[in-house]
Structure formats: C-alpha cells, structure tokens
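The structure under discussion appears below in the form of structure tokens.
The values are calculated or read from the model by the stated rules, or taken from the named source; none is laboratory data. As the structure is a prediction and not an experimental result, all values here were calculated from the model. Glycine also receives a Cβ, built like all others from the backbone with ideal geometry; neighbour counts cover every protein chain displayed. What goes into the accessible areas is simple: the full protein's heavy atoms, side chains included, and nothing from ligands, DNA or RNA. Shrake-Rupley method; radii C 1.70, N 1.55, O 1.52, S 1.80 Å.
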Amino acid sequence: MEEIRVFCPATIANISCGFDVLGLALDAVGDEMVVRKCKENTIKITKLEGQDLPKQTLQNVAGVAGLALLEKADYKGGFEIEIYKKIKAGSGIGSSAASSAGAVWAMNQLLGKPFATIDLVKFAMEGERLASGVAHADNVAPALFGGFTLVRSYSPLDIIRIDAPTALFATVIHPQIEIKTSDSRKILKTKISLEDGIKQWGNVGGLIAGLYTNDYDLIGRSLIDHIVEPIRSILIPGFDEVKANANAAGALGCGISGSGPSIFALSKGKETAEKVAISMDSVYQNIGISHDIHISKINVEGIKILA
Ligand code: ADP
C-alpha cells in the first residue's frame, strides 16, 4: 500500500473529573488526511485545507509526530501528508490531536503496522507538545484507541481502553471565542487540597465503574470536577448557564471539553442529547456569540480507513 485516506476523530479530554488522564473519541466530527509514501526520508505537508495553519513540517503537529515515528522506523523513505481540517484549531475538541494521531496511525498502516498503538500514542504526544507545550495523551489516546481511555500513568506510559455504553451520546457546543490551551494551562494551580483530591478520585473511580457496568446514573453522579472547572470556567462566557440548561434538559453531566472553550454534555440516548443541544444553543443565541453544535455517538474504533 502506497497511499491511505483516514478519518481522524475529534476527542473530548478530561471528561470533568479526569484532568489529563481521561478522554473519549467522537463519531460525528473529525478531520480527513491522506498520507502517502515518498522516496525522500522526510515528512512534507503537501496540502492543508479548511483551517489557516502552518504547513512547515516542524510547525505542524502532523509533521512533528510523523518525524518522531520516522526516527524509530526501519524505513528509508518518507511521507507526504494532506490534511483536510474539519475540526477548528483551538476549539478544545482535539484538533491538534486528530492531526498528530492521524498522521502516525496512517504511517504505521503504510509500513505494515510495525508499531503497537501505545507506541503511536508516544509519537503523537510529540505533536501535542508542539501545540500546547505539554506532551499530554488524553486526546491522542482516545483518537488512536477509540472509546474512552484512561492514562493510568505517564511514566511509564500505561493506557487503558474502556468501551462506551451503547446509548451514550455527547453534545458539544463550541462558542467561537479564542482560548489557547497554553493560556488555559497557565491559570491552573499546581497544588490541590487533600479534600478536593478525595472528592476528585472518588469521581474518577465512579465514572470508570459506571462505564464498565453501563450504570448511567453513576456516570452522571461522577461527572463533577472540583479542581479545574471552577478555575477554567471563568474564561468561558455563559458556562454556568449552559451547564444548568444541559442538566435541566436531562444530561447526565456537563463540563469543559479539554481546555475549552467547547462545553460537552453526556446523555443517555440521542433524543436527550438533541434536547440538550437546543438548551445549550439558546444560551449563546441570547448572548450573541456564534457557535457550532455537534451531537455524536461515542466512536469505539478510533481512527479508520476511508474508502
Ligand atoms: P485543540 O484543543 O482544539 O487541539 P490546541 O490549542 O491544543 O487546540 O491546538 C491548536 C494549536 O496547534 C494551534 O496553535 C495550532 O496552530 C497548532 N497546530 C499545528 N498543527 C496543527 C494541526 N495540524 N491541526 C491543528 N492545530 C495545529
């Protein structure tokens, strides 16, 4: 195989209680990429459509992640990459992760799959380092594994994939305001109280247990963030109202997607997810901030080949 076209899903990182360790992949939103082998031992971004982003290899996350793979691969050639962005950069639904993960996943396919998924996560994390200054895995892991992922440990890297309950739907609203991941990291405190820690790890455990047992109420009770959301939500106009509306419309829970400004809600069933979307939409209609809304099943397969 010389060339491959792939779908690279958008992802929701943190999922309220799991800052930097939990993530999930979406089905209805994602980029497309075409990756092809070439003779020269380098990575070139030959096309980039849909967003105004740098095409230089070292300034594009797909280039940086691809170079990390190339360095470890037993392969004398290189790759050309075409990126068709549908996920807006800086939206908080893993725009950079989709490109980093998509590039290395496609390259691994073209090379006959010499690398395990966990290796691909490590390469893709180099792209995240370029985008935000931190090599976090909570977006690239669900993009690569599909479903929900838990980064149990960063050193050594240990990632657990968890299946999604079948009726679980995500609603994501993206108010078009700019928040840089690097900026929204800077405002966080580096120390937390034991009291907050106890509440937070109780919820992380509860969420994981709820996912394994298909207990939607337990999932809902666990979608609480005592540590990051109280600080970061200040950067998102209308956040408290969006959350109150989503919960009133029947969502299991609602929180900041990644570093924002997107806000996500999880619901049982598509019908509720649609009601939640309408309730969230009304807030930004009233404030007058333009926005996108996505309703999506959880994507259990991750990145996939397109015909
Ligand atoms: P998101 O949370 O949506 O991934 P980030 O702020 O983490 O947004 O990443 C966007 C940053 O990464 C921007 O500064 C953008 O210029 C940079 N970037 C570089 N290459 C890409 C790419 N291929 N896709 C998206 N963002 C990229």
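Can you compute the charge dipole magnitude of the chain about its Cα centre, using +1 on each Lys and Arg Cβ and -1 on each Asp and Glu Cβ, nothing else charged? Give it in debye, rounded to the nearest 20.
I would put it at about 440 debye.
Given the peptides 44-52, 117-125, arrange them by the average over their residues of other C-beta atoms within 10 Å, most packed first.
Peptide ranking by packing, descending: 117-125, 44-52.
Express the relative contact order of the chain as a whole percentage, based on alpha carbon pairs under 8 Å and six or more residues apart in sequence.
RCO, the chain: 24 percent.
Output the peptides 269-278, 190-199 sorted from most to least packed, where packing is the average of other Cβ atoms within 10 Å over each peptide's residues.
Top to bottom by mean Cβ count within 10 Å: 269-278, 190-199.
Along the charge dipole of the chain, which of Ser267, Val21, Ala244 sits closest to the positive end, that is, farthest toward it, with unit charges on the beta carbon of Lys, Arg, Asp and Glu (+1, +1, -1, -1)?
Highest projection toward the positive end goes to Val21.
Of Met125, Ser184, Pro165, whose Cα points farthest to the positive end of the dipole of the stretch 117-214 (charges on the beta-carbon: +1 Lys, Arg; -1 Asp, Glu; origin at the Cα centre)?
Ser184
What order, most packed first, do the peptides 141-150, 202-211, 18-27 have when packing is the mean number of other Cβ atoms within 10 Å of each residue?
Ranking the peptides 141-150, 202-211, 18-27 by packing returns 141-150, 18-27, 202-211.
Straight-line reach only, C-alpha to C-alpha below 16 angstrom: list the lysines that Lys44 could link to, leaving out same-chain residues fewer than 8 apart.
Candidates past the 8-residue exclusion: Lys55, Lys76.
Could you compute how much accessible surface Arg221 exposes when probed at 1.4 Å, giving the result in Å² to the nearest 10?
Surface open to solvent at Arg221 totals about 150 Å².
Can you list the aspartates and glutamates whose alpha carbon is less than 17 Å from that of Lys88, not counting same-chain residues fewer than 8 positions off?
Cα-Cα hits under 17 Å: Asp27, Asp31, Glu32, Glu49, Asp52, Glu128, Glu178, Asp292.
With a point put 7 Å past each Cα toward its Cβ, work out how far Asn286 is from Ile231 in nm, to one decimal.
In this crude label model, Asn286 to Ile231 measures out at 2.9 nm.
Going down the list Lys186/Lys268; Lys72/Lys122; Lys85/Lys304; Lys180/Lys304, which pairs span over 23 Å between their C-alpha atoms?
Lys186/Lys268; Lys180/Lys304
Gap in Å between the Cα centre of the stretch 102-171 and the Cα centre of the stretch 235-258?
26
Return the calculated 222 nm mean residue ellipticity for the chain, to the nearest 500 deg cm²/dmol, obtained by summing -39500 (n - 2.57) across DSSP H runs with n ≥ 4 and dividing by the residue count.
-11500 deg cm²/dmol
Compute the length gained on full extension between Lys199 and Arg185: take 0.36 nm times their separation in residues and subtract their Cα-Cα distance, giving the result in nm to one decimal.
2.9 nm
Take the Cα of Gln176, step 7 Å along the line toward its Cβ, and report every residue of the stretch 249-290 whose backbone nitrogen sits under 11 Å from that point.
Residues 289-290 qualify, since their backbone N sits under 11 Å from the label point.
Under a 1.4 angstrom probe, counting protein chains only, how are Tyr212, Tyr154 ranked by accessible area, largest first?
Output order, biggest surface exposure first: Tyr212, Tyr154.
Could you compute the FRET efficiency for Thr166 and Asp52, with r as their C-beta to C-beta distance and R0 at 45 Å, rounded to 0.05?
In this case the efficiency is close to 0.75.
Taking the chain as the reference, fit the longest principal axis to its C-alpha atoms, fit the long axis of helix 239-248 to the helix C-alpha atoms, and give the angle between the two in degrees, 0 to 90, nearest 10.
Helix 239-248 and the main axis of the chain meet at about 70 degrees.
Can you give the accessible area per residue of the stretch 85-189, in Å², using a 1.4 Å probe?
In whole numbers, the stretch 85-189 has 36 Å² accessible per residue.
Can you tell me the relative contact order of the stretch 200-307? Whole percent, Cα pairs under 8 Å, sequence separation 6 or more.
This gives 19 percent for the stretch 200-307.
Counting pairs of alpha carbon atoms under 8 Å apart in space and at least six apart in sequence, what relative contact order in percent does the stretch 56-177 give?
That works out to 24 percent.
Of all alpha-carbon pairs in the chain, indicate the percentage at a distance above 27 angstrom.
When every Cα pair of the chain is considered, 38 percent fall beyond 27 Å.
If you put +1 on each Lys and Arg Cβ and -1 on each Asp and Glu Cβ, how big is the dipole of the stretch 62-181 around its Cα centre, in Debye rounded to 20?
So the dipole magnitude of the stretch 62-181 works out to roughly 120 debye.
Helix 194-213 versus the longest principal axis of the chain: what angle, 0 to 90°, nearest 10, using Cα atoms?
70
How would Ser16, Ser96, Ser155 line up by accessible area, probe 1.4 Å, largest first?
Highest to lowest solvent-accessible surface, that is Ser155, Ser96, Ser16.
Carbon and sulfur: what percent of the chain's accessible surface (1.4 Å probe)?
Ligands and nucleic acids excluded, carbon and sulfur reach 52 percent.
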